[in-house]
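Trainee: Here it is: the structure, laid out below.
The values are calculated or read from the model by the stated rules, or taken from the named source; none is laboratory data. Not measured: the values here are computed from a predicted model. Note that we place each Cβ from the backbone using ideal geometry, even for glycine, and neighbour counts take in every protein chain shown. Keep in mind that these areas ignore ligands, DNA and RNA; they rest on the heavy atoms of the full protein, side chains included. Shrake-Rupley method; radii C 1.70, N 1.55, O 1.52, S 1.80 Å.
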Amino acid sequence: EAGPEIGWSFAHGMVRAALEQRAEAAGRLEGHHRACAEMLLRAAGGDENPKDPLLAERLGRHLAQGGDPDRALRPLMRAARTRAQAGDYGYAEVILHEWDSALRRLRLEPEDNRPCAGELLRAELARVRGRIEEALTLSTQALELARRQRWPRLIAAALLESSRAEWHAGHPERALSLMEQATTAAEEADDRYAVARCLMERAVILRRFR
């Protein structure tokens, strides 16, 4: 059963690559991607940030490759986060890399908080994949940016991620201190979900540490 299925998939990939090469050579590739994005938008009922992660991923990719990187960011980020939540960390990083590529094509204002959100997801993925030093660096960078721009919810999120990274690095005292700061920041941001998350994870740290 597996043989024919793999064979058809491989053949389809070759056909698609050939069609894309022809469209690119004729200067029509961006137009093809825009047409695909419009088709996917219709399938999503006009929702530019569909909840279905596969649909969001495909929509974001076609928007980015169709010359609209700004509109591509939300669906690509949703797809990356959903993959991460499902434990598919490697593929989440692949999608996040596409998100980064789209972001770099934009001229962002200093008050645009999307780079900080991306940095936090990179930190989370580095942590869960065992790259703790990288996670510490990324979460610290995100925290510095969030504080500099005074983004309350992102400050809380960055403190929370920094606490998690410190815990995995074997620094329970630092983890606890950062978690307490994260709780305070979440309360100040009136982010009830983040407050609940911080209190729950603080309890876990206290139970294991003390």
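Trainee: Yes or no: the stretch 43-59 includes at least one residue that is open to solvent by less than 20 Å² (accessible area, probe 1.4 Å) and more than 17 Å from the chain's Cα centre (by Cα).
Mentor: no
Trainee: Name the residues in the stretch 154-210 that are of a type in the set (D, E, K, R) and open to solvent by less than 50 Å² (accessible area, probe 1.4 Å), would you?
Mentor: 161, 166, 191, 201
Trainee: Right, another one. All but one of (1) at pLDDT 95 or above; (2) of a type in the set (Asp, Glu); (3) open to solvent by 30 Å² or more (accessible area, probe 1.4 Å); (4) closer than 20 Å to residue 189 by Cα hold for residue 124; state the number of the condition that does not hold.
Mentor: (4)
Trainee: So, one more: Select, from 119, 111, the only residue that is touching a residue at least 12 places away in the same chain (Cβ under 8 Å) and open to solvent by 40 Å² or more (accessible area, probe 1.4 Å).
Mentor: The conditions single out 111.
Trainee: Using the structure shown, decide if residue 97 is under 25 Å from residue 29 (Cα atoms) and open to solvent by less than 60 Å² (accessible area, probe 1.4 Å).
Mentor: no
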